[in-house]
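Trainee: Sharing a structure here in structure tokens format.
The values are calculated or read from the model by the stated rules, or taken from the named source; none is laboratory data. Just so we're clear, the structure is a prediction, and the values are computed from it rather than from any experiment. Note: ideal-geometry Cβ built from the backbone for every residue, glycine included; neighbour counts use all protein chains shown.
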């Protein structure tokens, strides 16, 4: 099932929840809506589900406009962050509920519930009640209930947020695997960019009700079109420095009070063409601590992450960089370091419009 | 040695702290406890005592202590009042009236209509629902005398009665609503007020159902009515039980609207047990208030109430519903 959103808008009174969003989700695609809380991603999902009516714009399933179609006629399955299992029904009752409403014969209900339960690995829990299940088991029941009616569209509203970290990792893979195996179009709302990056074919980044970008994870990471996306995608987040790009012969240099580093010609040229102050973005993993480095700074804070130490390095009063360092080096706050910047993937943004000077 | 002594004194100190904490707790309970004692418990004992006397206007005395200790058969009549009550030709009718009144009002209005209003107002615009419920609760905070005055004006004989004015307009004969339809109006005028209690309890229970659960049901394919049937109503089980039990007990003892409306009507037509107790004890035509006999009626009501409350608390598993205190140390 293809899902098309055209100029979709939702207002709550005078508050704009979703602001003029247009995008197309292809049949069988896994799309994540990613954004900070309050960005309108869940509101968009609830409009696709039919819980909210759009204030303006059109939602299409394939070619059919479904704005006025009630949720029960949309053939969707949905998984909620709170699982939303019916506490007074058994696991069997919960999974069978959509079938019961569809008036599927009793024997077929039982058969299909067993089938789904076996697939989800909860066949031995069918006579329990939700309160007797662990979070992970409840999540599987919720997923089973969404899948049992063989939906055309699967909707996920932050389904893994309430699980512990290890379970979240394994469920991520499982949901992804199921979705590909069944070939069901999926929309997945999350504020966790790692989840979005690892699971989705394409990611719709939202902020303040607006669609910031709709791209593959690689494109978002390597070719961010706005300053917001560059800062939002990637962990630890990208560093931003105000620089001026100057041309000397065939070489372009990014220059400010704390540094002077060469940048690739085609990127530097775009920034130089804009002229004046631009914002340069460089990811922490592209910065290394090196004897041969050209940028000097003082370590301000050390955050041990396990595999790496995350350093907050102050170059001068106005310029600071997040840097990943080998914990074996045992750097401490107050140490002076020299940094080498790998500028091959450096980004440039217009400080006024916050749009990329490289990608559009 | 020294450490043993210090730990002993530490124990003594913590004991005196615990004692002080307990005293503080009782201190906080004291005002409420005092009210319960004076206005609920002592009156019940007095009623029990009065029910074995034949105290009335005719043998009035203020020296209750002398009366109580005299064992004078002029006052102390043992179970005579109860024998007389069971022999009373109106008693079976009054008992039946009470059952009818409680069940009809409870099922149709206090639970039934309360639930319907709660469900309807939960499904409309929030502000509209709130406004409707606020309006519906107005009679409850209106003086019963004023409220009944309005009802009496509705059903009065022409030319004052509103219903009879309509009858006249439609060319129908004048009706005496105090005769044939007395029960209809008594159940209605009690129920309109009674429904607001359930309405509030059910509304808050419906609103506390998680939004996700409500949405999940729609996504799973239910209509609004199916969601009410399969999701909302099962989740209202406890509030339903609570309103049912609480309102049963409260209806058993409520008679003020009947009293004001028609005083129970001629020949105990709409007299209920609590009204009967009131009429016997305090309200007679010949100014002969039979406090002793009325108290016997009241005692029966107390017994029914205590039995039902006990049964309900068992059914409710009351102890499981009461949460552990959140504050353990004062």
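Trainee: Looking at residue B:153, is it within 24 Å of residue B:263 (Cβ to Cβ) and in the same structural domain as residue B:198 (by TED's automatic domain parsing)?
Mentor: yes
Trainee: While we're here: Exactly one condition in (1) crowded, with 16+ Cβ neighbours inside 10 Å; (2) within 27 Å of residue A:225 (Cβ to Cβ) is false for residue A:308; which is it?
Mentor: The single condition residue A:308 does not satisfy is (2).
Trainee: Oh, and also: Take the residues in the range A:65-87 that are at the interface with chain B (Cβ under 8 Å from one of its Cβ atoms) and touching a strand residue (DSSP E or B) at 6+ places or on another chain (Cβ under 6 Å); name whichever of them is farthest from residue A:115 (Cα to Cα).
Mentor: A:81
Trainee: Restricting the first residue to the range A:312-333 and requiring it to be closer than 24 Å to residue A:256 by Cβ, which pairs with a second residue that is assigned to a helix (DSSP H, G or I) meet a Cβ separation below 7 Å and a spacing of at least six or different chains?
Mentor: Between residues of the range A:312-333 that are closer than 24 Å to residue A:256 by Cβ and residues that are assigned to a helix (DSSP H, G or I), the close pairs are A:322/A:284; A:323/A:284; A:324/A:284; A:324/A:285.
Trainee: I need the full set of residues from the range A:170-188 which are surrounded by 14 or more Cβ atoms within 10 Å (Cβ to Cβ) and part of a helix (DSSP H, G or I), in order please.
Mentor: Result: A:171, A:172, A:174, A:175, A:176, A:178, A:179, A:182.
Trainee: Pick out the one residue from B:232, B:206 that is part of a helix (DSSP H, G or I), within 14 Å of another protein chain (Cβ to nearest Cβ), in contact with a helix residue (DSSP H, G or I) (Cβ under 7 Å, 6 or more places away or on another chain) and surrounded by 19 or more Cβ atoms within 10 Å (Cβ to Cβ).
Mentor: Exactly one residue qualifies, and that residue is B:232.
Trainee: For the subset of the range B:218-229 comprising residues that are at the interface with chain A (Cβ under 8 Å from one of its Cβ atoms) and assigned to a helix (DSSP H, G or I), which member is surrounded by the fewest Cβ atoms within 10 Å (Cβ to Cβ)?
Mentor: B:226
Trainee: Can you confirm whether the range B:251-261 contains a residue that is within 29 Å of residue B:44 (Cα to Cα) and free of Cβ contacts under 8 Å to residues at least 40 places away in the same chain?
Mentor: Yes, there is a match, as at least one residue in the range B:251-261 is within 29 Å of residue B:44 (Cα to Cα) and free of Cβ contacts under 8 Å to residues at least 40 places away in the same chain.
Trainee: Suppose the filter is under 17 Å from residue B:212 (Cβ atoms) and within 14 Å of chain B (Cβ to nearest Cβ); does residue A:49 pass it?
Mentor: On the way: under 17 Å from residue B:212 (Cβ atoms): yes; within 14 Å of chain B (Cβ to nearest Cβ): yes.
Yes: the conditions hold for residue A:49.
Trainee: Here's something else I'd like to know. Do any helices (runs of 4 or more DSSP H) lying entirely in the range B:64-124 carry at least 3 residues that are closer than 30 Å to residue B:208 by Cα, and which ones are they?
Mentor: Per the criteria, B:91-104, B:114-122.
Trainee: Quick check, is residue B:87 modelled with pLDDT of 95 or more and either surrounded by 12 or more Cβ atoms within 10 Å (Cβ to Cβ) or over 30 Å from residue B:242 (Cα atoms) (or both)? Reasoning before the result, please.
Mentor: Numbers: modelled with pLDDT of 95 or more: no; either surrounded by 12 or more Cβ atoms within 10 Å (Cβ to Cβ) or over 30 Å from residue B:242 (Cα atoms) (or both): yes.
It is false that residue B:87 is modelled with pLDDT of 95 or more and either surrounded by 12 or more Cβ atoms within 10 Å (Cβ to Cβ) or over 30 Å from residue B:242 (Cα atoms) (or both).
Trainee: Please go through the range B:235-275 and give me each residue that is within 11 Å of chain A (Cβ to nearest Cβ) and either in contact with a strand residue (DSSP E or B) (Cβ under 9 Å, 6 or more places away or on another chain) or farther than 30 Å from residue A:98 by Cα (or both), ordered by number.
Mentor: Of everything in the range B:235-275, nothing turns out to be within 11 Å of chain A (Cβ to nearest Cβ) and either in contact with a strand residue (DSSP E or B) (Cβ under 9 Å, 6 or more places away or on another chain) or farther than 30 Å from residue A:98 by Cα (or both).
Trainee: Can you work out which of the residues in the range A:31-45 that are crowded, with 22+ Cβ neighbours inside 10 Å and in contact with a helix residue (DSSP H, G or I) (Cβ under 9 Å, 6 or more places away or on another chain) is farthest from residue A:151 (Cα to Cα)?
Mentor: Here the answer is A:35.
Trainee: May I pose another question? Whether any residue in the range A:154-169 is modelled with pLDDT of 95 or more, more than 14 Å from chain B (Cβ to nearest Cβ), part of a loop (DSSP other than H, G, I, E, B) and surrounded by fewer than 16 Cβ atoms within 10 Å (Cβ to Cβ) is what I want to check.
Mentor: no
Trainee: Any residue in the range B:53-81 that is surrounded by fewer than 17 Cβ atoms within 10 Å (Cβ to Cβ) sitting within a Cβ distance under 6 Å of a residue that is not in a helix (DSSP H, G or I)? List the pairs, counting only those 6 or more apart or interchain.
Mentor: From residues that are surrounded by fewer than 17 Cβ atoms within 10 Å (Cβ to Cβ), the pairs are B:57/B:288; B:57/B:289; B:78/B:52.
Trainee: Please verify whether the range B:298-318 includes one or more residues that are farther than 19 Å from residue B:107 by Cβ, modelled with pLDDT under 90 and either assigned by TED's automatic domain parsing to the domain that holds residue B:94 or in a loop (DSSP other than H, G, I, E, B) (or both).
Mentor: Yes: the range B:298-318 contains one or more residues that are farther than 19 Å from residue B:107 by Cβ, modelled with pLDDT under 90 and either assigned by TED's automatic domain parsing to the domain that holds residue B:94 or in a loop (DSSP other than H, G, I, E, B) (or both).
Trainee: Applying the selection to the range A:47-80, what residues are within 16 Å of residue A:185 (Cα to Cα) and in contact (Cβ under 8 Å) with a residue 60 or more places away in the chain?
Mentor: A:48, A:49, A:61, A:62, A:74, A:75, A:76, A:77, A:78, A:79
Trainee: Can you list residue pairs whose Cβ atoms sit under 7 Å apart, with the first residue in the range A:88-104 being at the interface with chain B (Cβ under 9 Å from one of its Cβ atoms) and closer than 18 Å to residue A:129 by Cβ and the second being at pLDDT below 95 and surrounded by fewer than 17 Cβ atoms within 10 Å (Cβ to Cβ)? Count only pairs 6 or more apart in sequence or on different chains.
Mentor: A:88/B:234
Trainee: Please find, among A:211, A:220, the residue that is at pLDDT 90 or above, part of a helix (DSSP H, G or I), touching a strand residue (DSSP E or B) at 6+ places or on another chain (Cβ under 7 Å) and closer than 22 Å to residue A:354 by Cβ.
Mentor: Answer to the selection: A:220.
Trainee: Tally the residues that are touching a strand residue (DSSP E or B) at 6+ places or on another chain (Cβ under 7 Å) and under 16 Å from residue A:202 (Cα atoms), restricting the search to the range A:2-43.
Mentor: The total comes to 19.
Trainee: Restricting to the range B:125-145, what's the tally of residues that are in a helix (DSSP H, G or I), free of Cβ contacts under 8 Å to residues at least 12 places away in the same chain and within 15 Å of residue B:257 (Cα to Cα)?
Mentor: Total satisfying the criteria: 1.
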